[in-house]
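Worksheet: the structure to be examined is printed underneath.
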Amino acid sequence: MIDALENNDNTFHFTEENGTPESKEINRALNRVGHILYSVKAETAQQEKYYELILDFVSTGLVVLNDNGAVYQKNKEALRILGLNVFTHIRQLSQVDAQLMEKIENCRPGDKLQVIFHNERGTINLSIRVSEINVRKEHLRILALNDINTELDEKEIDSWIRLTRVLTHEIMNSVTPITSLCDTLLSISANKDEEINHGLQTISTTGKGLLAFVESYRQFTRIPTPEPSLFYVKAFIERMVELACHQHPCEHIRFHTEITPADLIVYADENLISQVVINLLKNAIQAIGNQPDGRIELKASCNDMEEIWIEIKNNGPEIPAEIAEHIFIPFFTTKEGGSGIGLSISRQIMRLSGGSLTLLREKETTFILKFK
């Protein structure tokens with residue numbers, strides 16, 4: 001019995017039919033002890049599964065490490081944030097980011113850290129809180145991981161929306177009376193003074209151009225509430241490619257689509273998402289320009305976290321790092337005559353759809369639409 005307990009074996013059984021009455025009674029008592037131990041072990045295993053299930057539904061990534069760096073426990077959100085399928089030791093973080101591994105390796109209970117790193121999901125702005133616990137005489141560190149990119153993006157977008165509303169309101173209120181007055185003066189002074197007419201015409205044209213310019217930015221603050229429905233990604237992508245080719249010259253560009261599985265479906269507002277995809281395809285076509293070997297790849301799949309990814313990649317010139325940092329900022333553009341509103345609207349649409357739009361730091365320009 002002692003050997004069985006030491007080997008964590010609770011299936012031992014003593015005969016209750018043979019022997020003296022005293023030995024039978026002892027054996028019955030030992031069998032009861034064995035049954036109790038077995039029940040306790042089974043209940044403990046059930047509780048562990050119960051807590052693991054709860055942990056996997058928590059929106060915060062949780063990692064428990066022992067003093068040797070071995071992973072004692074982790075949840076699905078931690079794996080998702082770190083971009084790992086298997087996580088058994090802290091040394092595996094060197095594959096993700098060397099600085100991240102070093103900071104986690106040296107963190108102590110009570111520490112609050114912030115680490116920025118890049119993986120296939122894009123830029124991750126990670127907040128880490130560290131606590132400790134002792135379990136069965138073993139000292140463990142508990143790491144709470146939160147990807148605060150979404151929170152930061154939402155605050156930034158909300159700030160831009162408020163600023164845009166104020167600017168458009170003030171500009172419209174100031175410029176509209178000026179253009180109206182110029183048109184009135186032009187009608188009064190028609191054919192009287194050519195120089196005055198020319199000046200008034202310039203003011204009126206400039207004012208109307210400014211009003212049209214401001215009106216385009218109102219789109220950023222007037223995106224309708226998404227009305228999601230289920231639709232097939234493959235058919236959707238094929239329509240978007242056909243529409244983009246109809247709108248922009250792209251005979252020299254080769255399109256490659258890869259949808260896995262072929263019957264992949266997504267739950268989103270198809271009309272709004274089409275605006276995002278068409279804008280990204282337009283940008284890709286313009287980036288390739290007259291490049292003879294132009295190529296645009298569109299891939300879609302579902303990852304282990306049941307997130308739908310749509311990847312749009314082109315082999316045009318690489319976006320410089322100093323520009324890539326600003327491409328989602330409203331009004332920022334490197335195109336002559338561009339409004340700088342397309343990507344910011346696209347990201348806002350994805351945010352309102354409960355997803356995200358990110359630019360991967362790869363040699364070829366790659367945008368990822370992620371639907372949760």
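Throughout, read-outs are computed from the coordinates displayed, never taken from laboratory work. Here the structure is a predicted model, which means the values were calculated and not measured. Backbone-built Cβ (ideal geometry, glycine too); neighbour counts: all protein chains shown.
Points worth noting:
- The mean of 1/r over all pairs of different alpha-carbon atoms in segment 40-87, once inverted, gives a Kirkwood hydrodynamic radius of 11.6 Å.
- Charge tally in the Cβ shell below 10 Å around Leu126, where Lys, Arg are +1 and Asp, Glu are -1, Leu126 excluded: -1
- The tail of the calculated P(r) for segment 229-371 beyond 24 Å holds 27 percent of all Cα-Cα pairs.
- Convex hull projection area averaged over all views, segment 58-147, Cα basis, nm²: 5.3 nm²
- Mean separation of Cα contacts under 8 Å, 6 or more apart, over the residue count of segment 58-147: relative contact order %: 30 percent
- Per-selection Kirkwood Rh - segment 86-125 (Cα, Å, 1 d.p.): 11.0 Å
- Pairs exceeding 19 Å between alpha-carbon atoms, taken from Lys74/Lys299; Lys299/Lys370; Lys76/Lys112: Lys74/Lys299; Lys76/Lys112.
- Peptide packing for 359-372, 54-67, 29-42 was compared via the average number of neighbouring C-beta atoms within 10 Å per residue; ordered from the highest value, the list is 359-372, 54-67, 29-42.
- Ratio of Rg to Rh for segment 249-311: 1.03 [Cα atoms; Kirkwood radius as inverse mean 1/r over pairs].
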